[in-house]
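Written below as structure tokens is the structure these notes are about.
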């Protein structure tokens with residue numbers, strides 16, 4: 001997933017540097033992906049992308065994936081980590097999933113039952 005699909009920045013908090021990527025699903029570059037998501041009966045909002053990215057981070061076993069901080073609202077999905085490399089690895093995995101329609105549909109099916117209120121333990125139980 002190229003850089004036009006997300007916004008990157010970094011910030012300091014309590015003397016530590018954090019890296020952040022923000023996805024805004026309403027942007028034009030998401031139009032084709034959003035149509036696939038909507039065809040499966042899901043909303044292509046920030047909550048959907050949070051669930052998708054969380055599941056991908058677990059499935060791809062990205063180094064430091066336990067340290068990702070996921071947040072979402074209807075209009076955006078935000079992922080933070082101390083490692084810029086870990087964030088970029090996550091987006092390489094996301095790109096691989098989205099570019100392979102069957103893989104993408106499999107992930108959508110996995111997360112279809114996850115509510116926005118579920119805890120990380122419930123995600124882990126779902127993923128096995």
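Let's see how each residue does on (1) under 20 Å from residue 18 (Cα atoms); (2) part of a helix (DSSP H, G or I):
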site	(1), (2)
32	no, yes
37	no, yes
41	no, no
85	yes, yes
88	yes, yes
92	yes, yes
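Residue 37 passes all but one of (1) more than 24 Å from residue 86 (Cβ to Cβ); (2) out of contact with any helix residue (DSSP H, G or I) (no Cβ under 7 Å at 6 or more places or on another chain); (3) surrounded by 12 or more Cβ atoms within 10 Å (Cβ to Cβ); which number fails?
Every condition holds for residue 37 apart from (2).
Which of the residues belonging to segment 43-63 are assigned to a loop (DSSP other than H, G, I, E, B) and modelled with pLDDT of 90 or more?
Those that are assigned to a loop (DSSP other than H, G, I, E, B) and modelled with pLDDT of 90 or more: 43, 44, 45.
Would you mind stating whether residue 21 is more than 23 Å from residue 113 (Cα to Cα) and either surrounded by 12 or more Cβ atoms within 10 Å (Cβ to Cβ) or in contact (Cβ under 8 Å) with a residue 60 or more places away in the chain (or both)?
It is true that residue 21 is more than 23 Å from residue 113 (Cα to Cα) and either surrounded by 12 or more Cβ atoms within 10 Å (Cβ to Cβ) or in contact (Cβ under 8 Å) with a residue 60 or more places away in the chain (or both).
Can you find, within segment 64-77, the residue that is surrounded by the fewest Cβ atoms within 10 Å (Cβ to Cβ) among those that are assigned to a loop (DSSP other than H, G, I, E, B) and either under 11 Å from the mean Cα position of the chain (by Cα) or in contact (Cβ under 8 Å) with a residue 40 or more places away in the chain (or both)?
By that ranking, first place goes to 75.
Provide a single number: the residues in segment 3-18 that are in contact (Cβ under 8 Å) with a residue 40 or more places away in the chain, surrounded by fewer than 19 Cβ atoms within 10 Å (Cβ to Cβ) and in a loop (DSSP other than H, G, I, E, B).
The qualifying residues number 0.
The values are calculated or read from the model by the stated rules, or taken from the named source; none is laboratory data. All values reported here derive from a predicted model rather than from experimental measurement. Note: ideal-geometry Cβ built from the backbone for every residue, glycine included; neighbour counts use all protein chains shown.
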